[in-house]
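Engineer: I am attaching a structure below and will ask some questions about it afterwards.
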Amino acid sequence: MANYKLSYTAAQFEQAMKAYNEKWKDVSQVTASAANVLAGTYIVTNQGRIQGTMKNNGNVAGTISTKDGSYTIPTGYHSGAGTVKIADAEKAKIIPANIKKGVTILGQTGTCEAGTTTSGTDTTDATASASDIRSGKTAYVNGRKLTGTIPNQAAQTITPGTTDKTISSGKYLSGTQTIKGDSKLVASNIKSGISIFGVTGTYTGSSSGSSSGSGLPNTIIAGDTPVIANWAGMNITSTTMTDTKISITIKRAGTYRFKIPAVAKSSFSSGSPTVSLYKNGDSANSTTITSSTVECISFDLECAVGDVISVYAKAVGSNYSSTTVTVFGLIACIDWANGL
């Protein structure tokens, strides 16, 4: 066996060993396995050289679209640039108008008050007020729920009269409004020259002398045109006020001028008899007769439909002479150019 002599000094040998140890580290403490090493790369362990199997996920991105939704992070390597966020469709709903006032969700503080719309519809440009909305109905205006105050007008029938009748403004007509008609509103029933509700009359009057009141105009004003008469004459000799049984029943209200033709009859001038006009049994006017020729006594009296106008009279008497009164009739007259 040949003898070899080392040609290196102890210091050189020590330096060479040091360099070897620097190059080949101690791997006895390495605990990584293939699953802990990125796929496509290698490590050296106490088991030798090992190729990694860890999946490279790169930039992972995910979304959450429900309240209870979650995103599962996959096993493996991540680049650090991946994101998980709320789905765009759901994100658009997270606005103050959709969140109860005073509640904050994901940084959005709610403005929706109790009873207001949660649909997300912008109502800030609405101009209606409660007085523009029917009573009992509701609407959303400028983010608030309003209850209407317009009153309802139920169905009604309006009968025309001598004064205007109106339906007050600001009401909702919830029922049919009927303006009453009258089949008698025709020209032949209206005084000639007078227009009532757009119908111009053609009626020129009828004969007088009756107590029925037929043919009288609607408006009765005292005048000198006779329209109703009762010619049942009566001679009164009683010295107490006596009903002559001469009367007229009023068929149309108004103020009439009543004329009573009468005369005093006396053998001696012993006094003046009295003639009175009664309405419904009560004295309305009286006068004395001072002439032995026929007088036409005149009284103006306001009457209602159905009033009974009667003539009463009394004579004047003594032990030696008496004065009687004869009433020839009762005539009701009005101011009517188209009368008799």
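The values are calculated or read from the model by the stated rules, or taken from the named source; none is laboratory data. Just so we're clear, the structure is a prediction, and the values are computed from it rather than from any experiment. All Cβ positions, even for glycine, are placed from backbone atoms using ideal geometry, and neighbour counts span all protein chains on display. Ligands, DNA and RNA are stripped out before the accessible areas are found, and what is left, the full protein with its side chains, is counted by its heavy atoms. Shrake-Rupley method; radii C 1.70, N 1.55, O 1.52, S 1.80 Å.
Engineer: Say we look at the range 288-340 and pick out the residues that are open to solvent by less than 50 Å² (accessible area, probe 1.4 Å) and of a type in the set (Ser, Thr, Tyr); which of these is modelled with the lowest pLDDT?
Structural biologist: Ser321
Engineer: Which residue out of Thr178, Thr200, Thr204 is of a type in the set (Ser, Thr, Tyr), open to solvent by 70 Å² or more (accessible area, probe 1.4 Å) and modelled with pLDDT of 85 or more?
Structural biologist: Criteria check complete, one pass: Thr200.
Engineer: Among the residues of the range 1-32, which ones are open to solvent by 100 Å² or more (accessible area, probe 1.4 Å) and modelled with pLDDT of 75 or more?
Structural biologist: Glu14, Gln15, Gln29, Thr31
Engineer: Count, please, the residues in the range 167-194 that happen to be under 13 Å from the mean Cα position of the chain (by Cα) and assigned to a loop (DSSP other than H, G, I, E, B).
Structural biologist: Qualifying residue count, the range 167-194: 7.
Engineer: Search the range 33-62 for residues being assigned to a loop (DSSP other than H, G, I, E, B) and open to solvent by less than 40 Å² (accessible area, probe 1.4 Å), and hand back the single one that is farthest from Thr83 (Cα to Cα).
Structural biologist: Filtering first and then ranking leaves Gly52.
Engineer: Given the structure, is Lys85 over 28 Å from Val141 (Cβ atoms) and open to solvent by 60 Å² or more (accessible area, probe 1.4 Å)?
Structural biologist: yes
Engineer: Against the conditions (1) farther than 30 Å from Pro217 by Cβ; (2) open to solvent by 80 Å² or more (accessible area, probe 1.4 Å), where does Leu146 fall short? Just the number, please.
Structural biologist: (2)
Engineer: Would you mention how many residues in the range 157-166 are surrounded by 12 or more Cβ atoms within 10 Å (Cβ to Cβ) and either aliphatic (A, V, I, L, M) or assigned to a strand (DSSP E or B) (or both)?
Structural biologist: Adding up the residues that qualify gives 1.
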